[in-house]
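First up is the structure itself, then whatever we jot down about it.
Nothing in this text is a laboratory measurement; each read-out follows from the coordinates by a stated rule. Bear in mind that the values here come from a model prediction, so they are computed numbers and not experimental data. When we count neighbours, we look across all protein chains shown, and the Cβ atoms used for this are built from the backbone with ideal geometry, even at glycine.
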Amino acid sequence: MAAAAPAGAGTVQTTVATPDGTGSGSGFTYVFAAPAISSVVPNQGSVEGGNTVTLTGTGFTGATSVSFGGVAAAFIAVSATQVTAVAPAAPAGAVNVTITTPGGTSAGVPYTYVAAPVLSGVAPAQGPLAGGNTVTLSGTGFTGATAVHFGANAASSFTVVSPTQLTTSVPTGGPGPVAVTVTTPGGTSTQAVFYYYLGAPVLNAISPGSGQVAGGNSVTLTGANLLQATAVRFGATAASTYTIVSATEIRAVAPPGAAGTVPVTVTTPGGTSNGVTYAYLGVPVISGLVPGQGPSAGGTTVTLTGVGLTYTTAVLFGAVPAGFTVVSDTQLTTTTPPGVAGAVTVRVVTPGGTSIGLPYTRLDPPGI
């Protein structure tokens, strides 16, 4: 007698029923068809593993193991046609994914382990806040890149030129440095730095506007877009010391220079500023003093002649300062302060230094 076996699994007992009763039967074993995998999604992932992979195919019922290149993976049997597994860690390269059931082991389907990319350079490494400029990233492992980030901002477009080169359009951001990263199925790259810069710097003023030719004096520059300053120059000479106080202020130490005026500029990634005038001053020289004497009560107007008098900050009779008016670079007038009778040295002070003195004689009033 022939009979068609109903659906089932494993080994079952067969029996025959007749009007006279039910006879004892023999065992019957259901044999599973070997499973078959039609797809693995995604078909690549990090060498560190841990990502979820979906296997689709047939004959997955009763699955006992899922293997990635011989390494067992944790899995959940979702249905006869689908299983989800967690990829184990493995070296970079392709492996075969298989599934085993009581019906046997499937043929392998490729899955590729990918190492995390390495980012070694960004060129150019700076650009405007508005973005939009194209930069080239260099490194390794860029194949299959899925994202490029500048800080928290994703680049809207990028092109993988080769496994070692990628071009991308910079998104808006800044100001200042941000970390650039590349993401692939292998993970997220090491970081490189990109600088967002403001517009070209602008200088409005320098204070003080003059100093001695030996340099060494501190000056304050004010303006705009002064963050990220890379150089402060007095003419062609760079200041060896400067401090960025804010986007509108820099303090610098003037380097040595020759007597005369020079433009002071600030350079940032956004460009070089306009120049503001700074005067290097030699030590003033006084060559004449008229009249050379007067009453000890003071109040006499004296004319000093010489050179380098424009930036005079003080006229001293001995140690006593006197009021003065600068007439020109070669002449000034001063009013003598009172003092004891006798000779006193007159000197002129400017940011360039203090002059050598000339004598002035105070006279007592005549006796009666």
Name every residue in the range 39-48 that is surrounded by fewer than 16 Cβ atoms within 10 Å (Cβ to Cβ) and either hydroxyl-bearing (Ser, Thr, Tyr) or within 37 Å of the chain's Cα centre (by Cα) (or both), in order of residue number.
SER39, PRO42, ASN43, GLU48
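Please pick out the residue among SER156, SER207, SER138 that is within 30 Å of GLY235 (Cα to Cα), of a type in the set (Ser, Thr, Tyr) and free of Cβ contacts under 8 Å to residues at least 40 places away in the same chain.
Working: SER156 fails: within 30 Å of GLY235 (Cα to Cα); SER138 fails: within 30 Å of GLY235 (Cα to Cα).
On inspection, the qualifying residue turns out to be SER207.
Would you confirm whether any residue within the range 109-123 is free of Cβ contacts under 8 Å to residues at least 40 places away in the same chain and not hydrophobic (A, V, I, L, M, F, W, C)?
To start, the set of residues in the range 109-123 that are free of Cβ contacts under 8 Å to residues at least 40 places away in the same chain comprises 123.
If we keep only those that are not hydrophobic (A, V, I, L, M, F, W, C) as well, we get none.
No.
Conditions (1) in a strand (DSSP E or B); (2) in contact with a strand residue (DSSP E or B) (Cβ under 7 Å, 6 or more places away or on another chain); (3) exposed (fewer than 15 other Cβ atoms within 10 Å of the Cβ), marked per residue:
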site	(1), (2), (3)
LEU309	no, yes, no
THR312	no, yes, no
LEU316	yes, yes, no
THR325	yes, yes, yes
THR334	yes, yes, no
PRO338	no, no, yes
VAL346	yes, yes, no
PRO359	yes, yes, yes
PRO366	no, no, yes
Looking only at the range 52-88, which residues are of a type in the set (Gly, Ala, Ser), farther than 13 Å from THR101 by Cα and surrounded by 15 or more Cβ atoms within 10 Å (Cβ to Cβ)?
GLY69, ALA73, ALA85, ALA87
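Quick grid of which residues meet (1) buried (at least 16 other Cβ atoms within 10 Å of the Cβ); (2) over 13 Å from ALA115 (Cα atoms):
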| position | (1), (2) |
| --- | --- |
| LEU137 | yes, yes |
| GLY141 | yes, no |
| ALA147 | no, yes |
| SER156 | no, yes |
| THR172 | no, yes |
| VAL178 | yes, yes |
| GLY187 | yes, no |
| GLN191 | no, yes |
Residues that are on the phi < 0 side of the Ramachandran plot, out of contact with any helix residue (DSSP H, G or I) (no Cβ under 7 Å at 6 or more places or on another chain) and of a type in the set (D, E, K, R): which strands (runs of 3 or more DSSP E) entirely in the range 214-287 hold 2 or more of them?
249-253
